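Following: one structure in structure tokens, then a few remarks.
The values are calculated or read from the model by the stated rules, or taken from the named source; none is laboratory data. Nothing here was measured: the structure is a model prediction, and the numbers come from that model. Using ideal geometry, Cβ is built from the backbone for each residue, glycine included, and neighbour counts are taken over all protein chains shown.
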């Protein structure tokens, strides 16, 4: 295992280019299962989860690989498909459950291990299964596997109990090749779903309502290959915005999806952080002092749960008391004890955290518990006095491409070492 050693107290200044979005790339790459013909994906981040996805696609019978050793293009094509997604892959990446819809649409059967991923709380797939059952699928649980079958997927009028991102993505893919029209109501509205819609439409799907909570999908007989560029990663961008603010620095983020970050930018502005938008990207400047704030996580366009840990790290530097209310995942405060090891004063009560800011952070050895918790500890380490060691950074590598290289290029002092 590896760790990051961070020597803090250095304001970040310079330019960072935002990578392609992990959360958009995963379903879009898995959607190649639906496509007749080759697909070329551009702006694909080189991340642990991406390489897991490539391996999963190959096991399922697709050719899928980066076109060169250092680039960001992936060539993929569905071949003789197999219906089973094995446990040893699915347990490491929850997004693997997104093969259910495409496999049922193409093969009429799918066998997918119950998903794993970060330990941030229960994320049941029952909403996926109930919706697919409305389209004619049947499911059984067999030795830890979801086994689905159908004679044919049929269009249906489906209302989600909750705007589930994965459920919306699975159903969009399944409905693209189903017979008749599918209506998805109370659908998730995240920008990554719009990116999936745009990819499917580029392949010949007929989908309307993109960006809204009601999506209409008219099934087609086949989808064709295309070349498609993945959107920039709004969570990586939000993390670097917070990095500039927590270190008292100034950064220009190239290829930054500012419109997808409105809730984060608005909250940072209320804390005293300045922004300047232009067609090439977004400039962020830390204010003279940081103000306290209140955050409640919500489905998009609300404040994203994937930015909760990062803004909590920033709140430890703000004067006064700030609050965070987590409404999406019930177990997403595992970074709090680790921030406490660095001197943060945070009190937890159920789904609510009170952060009493203004105290200095002190470097310490800390342990990452999930992807975004890892990012919050890196941010805290950048602002802390002395040396911080962030252990179990394999979580970090699931969602941030060469984060230490990008941060070191703008003034950070971070070393990746073997953790012995």
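Laid out as a table, the results:
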quantity: Matching residues, the stretch 373-390, being over 14 Å from residue 310 (Cα atoms) and touching a helix residue (DSSP H, G or I) at 6+ places or on another chain (Cβ under 9 Å); calculated: 387, 388, 389, 390
quantity: Residue count, the stretch 232-260 (criterion: assigned to a loop (DSSP other than H, G, I, E, B) and surrounded by 18 or more Cβ atoms within 10 Å (Cβ to Cβ)); calculated: 6
quantity: Any pair with Cβ under 6 angstrom, 6 or more apart, that starts in the stretch 65-80 at a residue that is outside the structural domain of residue 42 (by TED's automatic domain parsing) and ends at one that is outside any strand (DSSP E or B) and at pLDDT below 95; calculated: none
quantity: Options 46, 106: the member that is within 17 Å of the chain's Cα centre (by Cα) and either surrounded by 15 or more Cβ atoms within 10 Å (Cβ to Cβ) or part of a loop (DSSP other than H, G, I, E, B) (or both); calculated: 46
quantity: Only listed residue being assigned by TED's automatic domain parsing to the domain that holds residue 289 and at pLDDT 95 or above, chosen from 373, 364; calculated: 364
quantity: Condition broken by residue 80, with the remaining ones in (1) more than 28 Å from residue 402 (Cα to Cα); (2) in contact with a strand residue (DSSP E or B) (Cβ under 9 Å, 6 or more places away or on another chain); (3) surrounded by fewer than 16 Cβ atoms within 10 Å (Cβ to Cβ) satisfied; calculated: (2)
quantity: Residue in the stretch 174-212 that is farthest from residue 224 (Cα to Cα), counting only those that are part of a loop (DSSP other than H, G, I, E, B) and more than 23 Å from the chain's Cα centre (by Cα); calculated: 180
quantity: Test: residue 113 is surrounded by fewer than 23 Cβ atoms within 10 Å (Cβ to Cβ), in the same structural domain as residue 223 (by TED's automatic domain parsing), out of contact with any strand residue (DSSP E or B) (no Cβ under 8 Å at 6 or more places or on another chain) and more than 30 Å from residue 259 (Cα to Cα); calculated: no
quantity: Scan of the stretch 319-332 for residues that are within 24 Å of residue 359 (Cβ to Cβ) and in contact with a strand residue (DSSP E or B) (Cβ under 6 Å, 6 or more places away or on another chain), ordered by number; calculated: 321, 322, 323, 324, 325, 326
quantity: Residue 409 vs. criteria free of Cβ contacts under 8 Å to residues at least 60 places away in the same chain and in contact with a strand residue (DSSP E or B) (Cβ under 7 Å, 6 or more places away or on another chain); calculated: no
quantity: From the options 96, 143, residue that is at positive phi and outside the structural domain of residue 401 (by TED's automatic domain parsing); calculated: 143
quantity: Residue tally, condition assigned to a strand (DSSP E or B) and either more than 25 Å from the chain's Cα centre (by Cα) or at pLDDT below 95 (or both), over the stretch 325-337; calculated: 0
quantity: Complete set of residues in the stretch 377-395 that are modelled with pLDDT of 95 or more and in a helix (DSSP H, G or I); calculated: 377, 378, 379, 380, 381, 382, 383
quantity: Test result for residue 203, touching a helix residue (DSSP H, G or I) at 6+ places or on another chain (Cβ under 8 Å), under 26 Å from residue 313 (Cα atoms) and at pLDDT 95 or above; calculated: no
quantity: Yes/no for residue 358 being modelled with pLDDT under 95, at negative phi and outside any helix (DSSP H, G or I); calculated: no
quantity: Qualifying positions in the stretch 178-193 - crowded, with 24+ Cβ neighbours inside 10 Å and either over 23 Å from residue 257 (Cβ atoms) or outside the structural domain of residue 219 (by TED's automatic domain parsing) (or both); calculated: 178, 182, 184
quantity: Residue check, residue 40 out of contact with any helix residue (DSSP H, G or I) (no Cβ under 6 Å at 6 or more places or on another chain) and closer than 30 Å to residue 253 by Cβ; calculated: yes
quantity: Residue count, the stretch 74-87 (criterion: under 18 Å from residue 27 (Cβ atoms) and part of a loop (DSSP other than H, G, I, E, B)); calculated: 1
quantity: Residue match in the stretch 224-231 (condition: out of contact with any helix residue (DSSP H, G or I) (no Cβ under 6 Å at 6 or more places or on another chain), buried (at least 18 other Cβ atoms within 10 Å of the Cβ) and closer than 21 Å to residue 400 by Cβ); calculated: no
quantity: Of all residues making up the stretch 396-411, the number that are part of a loop (DSSP other than H, G, I, E, B) and either crowded, with 24+ Cβ neighbours inside 10 Å or not assigned by TED's automatic domain parsing to the domain that holds residue 9 (or both); calculated: 2
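Per-residue answers, yes or no, for (1) outside the structural domain of residue 94 (by TED's automatic domain parsing); (2) assigned to a strand (DSSP E or B); (3) within 26 Å of the chain's Cα centre (by Cα); (4) within 15 Å of residue 265 (Cα to Cα):
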| position | (1), (2), (3), (4) |
| --- | --- |
| 296 | yes, yes, yes, yes |
| 314 | yes, no, yes, yes |
| 323 | yes, yes, yes, no |
| 339 | yes, no, yes, no |
| 343 | yes, no, no, no |
| 346 | yes, yes, yes, no |
| 354 | yes, yes, yes, no |
| 369 | yes, no, yes, no |
